[in-house]
Amino acid sequence: MKTHEIIILDKKPSDEKINKMNLAYFESEAQTYHQFNEGTEKRKLFLSSMDSLIAADLTRRSGTLSLLSVACGTGAREISIRKLSGRAFSITAVDESPEMCTKAIKVGLQVIQGNWFDADLKSQKFDAGLHL
């Protein structure tokens, strides 16, 4: 007895199409990216708490740190985490959006513009990674 029927309403876009849609979204959001985080008190409190937890963990690690941030956006949270930790660790960031990368470079991150899957990171070693 057949109990279920699967009906395909719309075909899933290709990976390439999904990546293009994602890039277009973040390019359009780059100009107002911080308004949501800064304009919503509940969101500000959540991000502040999360950043403090991450910074506390990084503070407990010894030696020089090298951090990789995937999909860094404008880099504002990475900079906040570094400040909260009180440590001067290096941050390498990857983001696909050229506009987001420009903003992240302005706040002091070393940025690789491109898709995470294609980023050439083979010669680099990191102590920690973030995907915020």
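Among N19, Q31, G75, which residue has its Cα positioned farthest towards the positive end of the charge dipole of the chain, with +1 placed on the Cβ of Lys and Arg, -1 on the Cβ of Asp and Glu, and the dipole taken about the Cα centre? Positive-end residue among those listed: G75.
Radius of gyration (Cα atoms) of the stretch 67-132, expressed as a multiple of 2.2 N^0.38 Å: 1.01.
Whenever you get a sec, line up V70, V107, V94 from highest to lowest accessible area (probe 1.4 Å, protein heavy atoms).
In descending accessible area the options line up as V107, V70, V94.
The charge dipole of the chain, taken about its Cα centre with unit charges on the Cβ of Lys, Arg, Asp and Glu (plus for the first two, minus for the last two), comes to roughly 440 debye. One entry in (1) 53, 30, 20; (2) 46, 35, 25; (3) 62, 38, 37 is Cα extents along the principal axes in Å calculated from the shown coordinates; its label is (3).
Our Cα-only numbers for the stretch 62-103 put the radius of gyration and Dmax at 10.8, 34 Å. The largest accessible area among F46, F26 belongs to the first residue in F46, F26, and the rest follow in falling order (1.4 Å probe, all chains). For the chain, averaging the sequence separation of C-alpha pairs within contact (under 8 Å, six or more residues apart) and dividing by the residue count gives a relative contact order of 24 percent. Between W116 and Q35, the C-beta separation translates, for a Förster distance of 30 Å, into a calculated FRET efficiency of about 0.75.
Each label was represented as a point 7 Å from its Cα along the Cα-to-Cβ direction; for T64 and I7 these points are 6.2 nm apart.
The values are calculated or read from the model by the stated rules, or taken from the named source; none is laboratory data. Keep in mind that this is a model prediction, so the values were computed, not measured. As a convention, Cβ positions derive from the backbone with ideal geometry for all residues, glycine included, and neighbour counts pool all protein chains shown. Calculation scope for accessible area: heavy atoms of the full protein, side chains included, ligands and nucleic acids excluded. Shrake-Rupley method; radii C 1.70, N 1.55, O 1.52, S 1.80 Å.
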